[in-house]
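J.: Sharing a structure below in structure tokens format, with a few things to ask.
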2 protein chains.
Amino acid sequence: MYKYNEQELIGLYSSGLALRGQIEEIADRVWDGGFRNLCWIGIGGTWASAQQAVVHMRERSALDFFAENAAEYLATGNRRIGEGTCAVFSSVTGTTEEMVSAVRKLKASGAKAVGFVDTPDTPLWELADEVISCPKNEQLKFFMLADRLMYREGVFPEYDDYYEVLDRYLAADLAAVEREADGFAKAFCEKNRDNALTYFVGAGALYGATYSYAMCYWEEMHWMRTKSIHAAEFFHGMLEIIDEDTPVVVLQGEDSQRPLTERVIRFLEKVSGNYTVIDSKDYPMPGIPDRYRGSIAHLIVHAVTNRIDLNLEEMTGHDMNIRRYYRKADY
Amino acid sequence: MYKYNEQELIGLYSSGLALRGQIEEIADRVWDGGFRNLCWIGIGGTWASAQQAVVHMRERSALDFFAENAAEYLATGNRRIGEGTCAVFSSVTGTTEEMVSAVRKLKASGAKAVGFVDTPDTPLWELADEVISCPKNEQLKFFMLADRLMYREGVFPEYDDYYEVLDRYLAADLAAVEREADGFAKAFCEKNRDNALTYFVGAGALYGATYSYAMCYWEEMHWMRTKSIHAAEFFHGMLEIIDEDTPVVVLQGEDSQRPLTERVIRFLEKVSGNYTVIDSKDYPMPGIPDRYRGSIAHLIVHAVTNRIDLNLEEMTGHDMNIRRYYRKADY
């Protein structure tokens, strides 16, 4: 298996879960200090993760929370952001232009910023009022913070058991999913590597993952054309351009919006001869009870798409680290 | 000019503006009755219009307002919707499945519903607590309601003058835009009618218009493939797949997010040989002061894209009223 190192993968997920103590301390300080609303702010991939956090919280929480796009906030502003706002963001480099300006602006308005900044001693690392530095696991870190706040809100009573289970099983189970999915991923890449355009459909906490998978992986890293669409919206336009051979990939999770992707799949069964379903439910996660799978389905699907990415890279020889324009050209 | 009837167009826009008395009465009742938050709810094209209304309100308002997708609301719920919520929606047919269920659900939660339902005596017409029935002008109607509420909020002091100006000039000016844009539209269609895939980029109150133009017009009505993207997000993935000949259309308005599309255009100038900018600023609107153009830019651009649609229909012979699957197949 190309670039598969089980121990490294387990270590990677475990390092995310190991942040729980730090995240709990920060979440508890935020909770105890009081806040008016919670703003998940990002751009590009981190905007997608912000939307995932919001959908995840909508399953339970009555807090006032929302997602904000950094560039839109800079241009238009948002009067909900100010004194009493807790803004949460994530950044790998700590230097993303729109994010640096947006965090500066929201702090000037009186908001506090909690940052997951992978690279210390960078502008975003310095701007954050509370900061955690540990690479990767962006969604997991967001969900851990959201979960702790929901625990304090009183709407996540099984919090301790849930994380005990994740600590015990998640890392090894996800590494096993990558191994299991590799055969499927290779066949998928052989079939789809030359697509002129590939459609991706998702819903729930997997919609943000679908959006960023199409945009940040296929477009940005593989230079392949995609369109992503929310399953709820599929029936209000996109359905009309589905021919027998149109490549459509449905990323299906196990949260409250699963019925929305199920409906798309029923439609595709009738009219399409070229669709693929990547369903978290197809992958066992030994030790993890069914009732907890909805919240981790995006991680299961990510383990599958990660094998697609690596097989594509191996097959096409296109190095995923090369960029043509991003952070290279001046624009 | 194919299917161009100036008097009919002027009559159409005027009929929208003529609803102001009715809309003001409803908005004033909503305001005087008090409300906790304002929910713009829709699906497909009306979800796009809901997002446009929200961006428009963000320019000024400190009220608590948000957009909600009907199918997501049905699947996941939204604890912000309940007693004290004023939900606003629009429907041409009055029967859209997801909308009927969503309005039923939000009313059961204690929310009130204001509906623009073009067809009387339909399920949505009956469900609305307040209802206005007059075909077309969906965005104009949404913005008129938003504007009246913002006037009552005290953040739209020029309201009377603004609408006096629109009443006097908007309808004739928009009809003139369609006439002026027809030559451009014909040339655009000749160049782009056989595109395998066309990209659309927009921002601000025009982002929703960009999303729905790509999806509800090109995909649903012309059966042509598209991808739409917010200008803020363009630089976080999509830029990498721009080749010299990739067809990109930028819909540019004049609100606070104009700098976001300007940045995309600067990038395209450098790397693309096949992009088109449809800029509201290129069309004079005699009698309408510059300071009011930001709020009507989406209508100007719509007048241009309407000529594209009609030229495409004439050129390809593909009747825009035909659907393959929508409301035909059972799914």
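The values are calculated or read from the model by the stated rules, or taken from the named source; none is laboratory data. A quick note: this is a predicted structure, and the numbers were derived from the prediction, not measured. Cβ placement follows ideal geometry from the backbone for every residue including glycine, while neighbour counts extend to all protein chains displayed. When the accessible area is computed, the model is the full protein with side chains, heavy atoms only, and any ligands, DNA or RNA have been set aside. Shrake-Rupley method; radii C 1.70, N 1.55, O 1.52, S 1.80 Å.
J.: Across segment B:244-269, which residue is most open to solvent (accessible area, probe 1.4 Å) among those that are more than 8 Å from chain A (Cβ to nearest Cβ) and free of Cβ contacts under 8 Å to residues at least 12 places away in the same chain?
T.: B:E269
J.: Just checking, which of B:T210, B:T276, B:T261 is among the hydroxyl-bearing types (S, T, Y) and not in a helix (DSSP H, G or I)?
T.: B:T276
J.: Oh, and also: Kindly provide the set of residues from segment A:32-41 that are of a type outside the set (D, E, K, R) and in a helix (DSSP H, G or I), ordered by number.
T.: A:G33, the sole residue that qualifies.
J.: Hey, does segment A:33-43 have a residue that's more than 9 Å from chain B (Cβ to nearest Cβ), farther than 26 Å from A:T210 by Cα and of a type in the set (A, V, I, L, M, F, W, C)?
T.: Within segment A:33-43, one or more residues are more than 9 Å from chain B (Cβ to nearest Cβ), farther than 26 Å from A:T210 by Cα and of a type in the set (A, V, I, L, M, F, W, C).
J.: Next up: How many residues does segment B:63-77 contain that are of a type in the set (S, T, N, Q) and touching a Ser or Thr at 6+ places or on another chain (Cβ under 9 Å)?
T.: Qualifying residue count for the region: 1.
So that you can scan it fast, the table gives a plain yes or no per residue for (1) assigned to a helix (DSSP H, G or I); (2) surrounded by fewer than 21 Cβ atoms within 10 Å (Cβ to Cβ); (3) in contact with a Ser or Thr (Cβ under 9 Å, 6 or more places away or on another chain):
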| residue | (1), (2), (3) |
| --- | --- |
| B:K281 | yes, yes, no |
| B:P286 | no, yes, no |
| B:Y292 | yes, yes, no |
| B:L299 | yes, no, yes |
| B:T305 | yes, no, no |
| B:D309 | yes, yes, no |
| B:E314 | yes, yes, no |
| B:H318 | no, yes, no |
| B:N321 | no, yes, no |
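Every residue, every condition in (1) in contact with a Ser or Thr (Cβ under 8 Å, 6 or more places away or on another chain); (2) assigned by TED's automatic domain parsing to the domain that holds B:G204; (3) buried (at least 21 other Cβ atoms within 10 Å of the Cβ), yes or no:
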{"site": "B:A50", "(1), (2), (3)": "no, no, yes"}
{"site": "B:S61", "(1), (2), (3)": "no, no, no"}
{"site": "B:R79", "(1), (2), (3)": "yes, no, no"}
{"site": "B:F89", "(1), (2), (3)": "yes, no, yes"}
{"site": "B:V92", "(1), (2), (3)": "yes, no, no"}
{"site": "B:V100", "(1), (2), (3)": "no, no, no"}
{"site": "B:K105", "(1), (2), (3)": "no, no, no"}
{"site": "B:T119", "(1), (2), (3)": "yes, no, no"}
{"site": "B:I132", "(1), (2), (3)": "no, no, no"}
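J.: Looking only at segment B:141-155, filter to residues that are surrounded by fewer than 20 Cβ atoms within 10 Å (Cβ to Cβ) and touching a residue at least 24 places away in the same chain (Cβ under 8 Å); which one of those is farthest from B:Q22 (Cα to Cα)?
T.: B:V155
J.: Taking segment A:184-202 as the region of interest, how many residues are at the interface with chain B (Cβ under 8 Å from one of its Cβ atoms) and either closer than 16 Å to A:T276 by Cβ or surrounded by 19 or more Cβ atoms within 10 Å (Cβ to Cβ) (or both)?
T.: The qualifying residues number 1.
J.: Something else: Could you list, in sequence order, the residues of segment A:270-294 that are within 14 Å of chain B (Cβ to nearest Cβ) and closer than 18 Å to A:F184 by Cα?
T.: Hit for segment A:270-294 is A:Y275, nothing else.
J.: I've got another one for you. Looking only at segment B:44-68, count every residue that is closer than 16 Å to B:Y211 by Cβ and either in contact with a Pro (Cβ under 7 Å, 6 or more places away or on another chain) or in a loop (DSSP other than H, G, I, E, B) (or both) and tell me the total.
T.: 1
J.: So, in segment B:62-92, exactly how many residues are farther than 18 Å from A:G202 by Cβ, facing another protein chain (nearest Cβ under 10 Å) and small (G, A, S)?
T.: Going through segment B:62-92 one residue at a time, the tally reaches 3.
J.: Would segment B:233-240 turn up any residue that is within 24 Å of A:P247 (Cβ to Cβ) and more than 8 Å from chain A (Cβ to nearest Cβ)?
T.: Scanning segment B:233-240, I find at least one residue that is within 24 Å of A:P247 (Cβ to Cβ) and more than 8 Å from chain A (Cβ to nearest Cβ), so the answer is yes.
J.: For the structure I just gave you, tell me whether A:E240 is open to solvent by 60 Å² or more (accessible area, probe 1.4 Å), among the acidic types (D, E) and more than 30 Å from A:E164 (Cβ to Cβ).
T.: For A:E240, the condition - open to solvent by 60 Å² or more (accessible area, probe 1.4 Å), among the acidic types (D, E) and more than 30 Å from A:E164 (Cβ to Cβ) - is not met.
J.: Here is a further query. Quick test of your reading of the structure: A:A187 fulfils all but one of (1) free of Cβ contacts under 8 Å to residues at least 60 places away in the same chain; (2) among the hydrophobic types (A, V, I, L, M, F, W, C); (3) under 19 Å from B:K227 (Cα atoms). Name the failing condition by number.
T.: Result: A:A187 passes all but (3).
J.: Considering B:A205, B:A181, which residue is surrounded by 19 or more Cβ atoms within 10 Å (Cβ to Cβ), touching a residue at least 24 places away in the same chain (Cβ under 8 Å) and more than 14 Å from chain A (Cβ to nearest Cβ)?
T.: None of the other options fit; the residue is B:A181.
J.: Further question on the same structure: Given the conditions (1) part of a helix (DSSP H, G or I); (2) closer than 22 Å to B:R80 by Cβ; (3) charged (D, E, K, R), and given that A:R29 satisfies all but one, which numbered condition is not satisfied?
T.: Every condition holds for A:R29 apart from (2).
J.: Within segment A:72-176, which helices (runs of 4 or more DSSP H) (wholly inside it) include 2 or more residues that are of a type in the set (F, W, Y)?
T.: A:138-153
J.: Do you know which residues across segment A:132-150 are under 14 Å from A:Y163 (Cβ atoms) and basic (K, R)?
T.: Selection gives A:K141, A:R148.
J.: Still on this model: Would you pick out the residues in segment B:217-230 that are more than 8 Å from every other protein chain (Cβ to nearest Cβ), open to solvent by less than 20 Å² (accessible area, probe 1.4 Å) and in a helix (DSSP H, G or I)?
T.: Passing the criteria: only B:W218.
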